[in-house]
Amino acid sequence: MKKITLLLLAITFAFCAVAQSHKTQNIVIVTLDGFRWQELYRGADSALINSKFTETKADVRKKYWAATAEERRKLLMPFFWSTLSSRGQLYGDRDTGNCDEVANSYHFSYPGYNEIFTGFPDERVNSNNPVPNPNTSVFEYLNKQKGFENKVAVFASWEAFPAIFNVGRSGLIVNAGYANFEDAKTDERLKFLNEMQHKAPHYLGDTRIDFMTYEFGKEYLKEYKPRVLYLAFDETDDMAHAGNYKMYLNQAHQQDAYLQELWQYLQSDPFYKDKTTLIITCDHGRGDASPEAWKSHGTGIKNSEQTWFAVIGPDTPADGIIKTQNTTYHKQLAQSIAKLLGFDFKKYADHEVADAIGAMMIKEKPSLGK
């Protein structure tokens, strides 16, 4: 009996220690649609540079090529391989034996985003059609919590996101495609961006260029101070489907620069500094069996379930590249987001939610005492 009592006291102490060390008050999430782990960890791919998908090969080699993977990835994603690698965690480097994957069987966008934000790879979510999502997202849950009401916002390039987050039911703030941001109290900068986005290039149809999505999200962050902000970029996937490897690399490089500027702002604003966790990931992988397979993803495309994610924040140990021989899944991210903010999404959701990834949210391991 005495041993059981001591064990219960030790466990209680451990949970109290974790609660006291919890520092994350805000979350920012960014996704790079269809961006492969191969480029993130290895840099530019020589097979693709030398393929028909790269027209100006000399230009690409000059900008992104180097002798080693370590050098190439720094050229492509300097923020990842300076700040994130030294102060955060990076998952999904299969060259070290660490794997990250989507658990859904479809390996394309809507099922991928549903999995990330609901913690549930729902087989019913099986197309990219903008059908309102039947599943409750972690954002919808957080938006109902005290201190988070109307403090959760989404800015996305792809016009399908209002359906993915089912705004008719959830009431979330979701600005996507070329829709204007509507708020009578908004500042002049956001009104200017509403005007400018319609004058900007519309070369992706109804999908907004990532530059405009980033500018909207950044300005909203400064003016409205959301507790949870999600930026969903799209052009890496668009350029890959178009078979343009140079632009695929250029867009990834540009998005890395957006991330650097975003993190610098978060660390300069007293509302966010040392109280905000940044999570970066993708919705699916791409083919890797041949240069032709790189253009595509989906159930029939080998290895397009292979993904990655990165995290940096006050509760995340600075472990750099995670090299443990295991597999994480994107269905675990919803509960991880909730746990970082001190909530339990699993208890609320009306569907099965995968467990959180504990290693990304315990800055100091609690001592159980003697």
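Restrict the check to region 335-353 and report whether at least one residue is touching a Pro at 6+ places or on another chain (Cβ under 8 Å) and modelled with pLDDT of 95 or more. Among the residues of region 335-353, not one is touching a Pro at 6+ places or on another chain (Cβ under 8 Å) and modelled with pLDDT of 95 or more, which makes the answer no.
Residue-level check: of (1) touching a residue at least 24 places away in the same chain (Cβ under 8 Å); (2) farther than 22 Å from ARG36 by Cβ, GLY205 misses just (1).
Which residue is nearest to ILE279 (Cα to Cα), if the candidates are limited to region 96-144 and must be of a type in the set (A, V, I, L, M, F, W, C) and free of Cβ contacts under 8 Å to residues at least 40 places away in the same chain? The extreme case among them is VAL125. Of the numbered criteria (1) surrounded by fewer than 22 Cβ atoms within 10 Å (Cβ to Cβ); (2) at pLDDT below 95; (3) farther than 30 Å from ALA242 by Cβ, the one MET360 fails is (1). Per the listing ILE173, ILE116, ILE164, the residue uniquely in contact with a His (Cβ under 7 Å, 6 or more places away or on another chain), surrounded by 15 or more Cβ atoms within 10 Å (Cβ to Cβ) and not small (Gly, Ala, Ser) is ILE116.
Among all positions in region 290-299, there is at least one residue which is over 25 Å from PRO317 (Cβ atoms), touching a helix residue (DSSP H, G or I) at 6+ places or on another chain (Cβ under 7 Å) and either among the aromatic types (Phe, Trp, Tyr) or not in a helix (DSSP H, G or I) (or both).
The values are calculated or read from the model by the stated rules, or taken from the named source; none is laboratory data. Predicted model only: the values in this text are computed from it and were never measured. As a convention, Cβ positions derive from the backbone with ideal geometry for all residues, glycine included, and neighbour counts pool all protein chains shown.
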